[in-house]
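Worksheet for the structure shown next.
The values are calculated or read from the model by the stated rules, or taken from the named source; none is laboratory data. Worth saying up front: this structure is predicted, and the values here are computed from it rather than measured. Quick reminder, even Gly has a Cβ in these numbers, built from the backbone with ideal geometry, and neighbours come from all protein chains shown.
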Amino acid sequence: PDEDADELFTIARTVATNRVVVKRPDYAGFLSGLKPQTSIKTKKHRFDIYLTPRP
């Protein structure tokens, strides 16, 4: 298990200017309990795409 994934995700969302893309196993839950704006699914993985708010 990735024990620091939620912490790294929070930092990435703070630093990112446009989006954060997270590669996850297809069975895994969303990071930090946040639903992504969109996901791209493959046979065994899922790419969750979180858009960052514009200032």
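Just the residues that are closer than 21 Å to Asp4 by Cα and either assigned to a helix (DSSP H, G or I) or hydroxyl-bearing (Ser, Thr, Tyr) (or both), please, taken from region 24-55. Matches in region 24-55: Tyr27, Leu31, Ser32, Gly33, Tyr50, Thr52. Within region 4-15, residues that are surrounded by 13 or more Cβ atoms within 10 Å (Cβ to Cβ) reach partners that are at pLDDT 95 or above and not in a helix (DSSP H, G or I) with beta carbons closer than 6 Å, at six or more positions or on different chains, in the pairs Ala12/Val20; Arg13/Val20. Residues considered: Gly33, Gly29. Of these, the only one that is at pLDDT below 95 and touching a helix residue (DSSP H, G or I) at 6+ places or on another chain (Cβ under 9 Å) is Gly33.
Among the residues of region 3-23, how many are among the polar types (S, T, N, Q) and either within 18 Å of Lys35 (Cβ to Cβ) or assigned to a strand (DSSP E or B) (or both)? The qualifying residues number 1.
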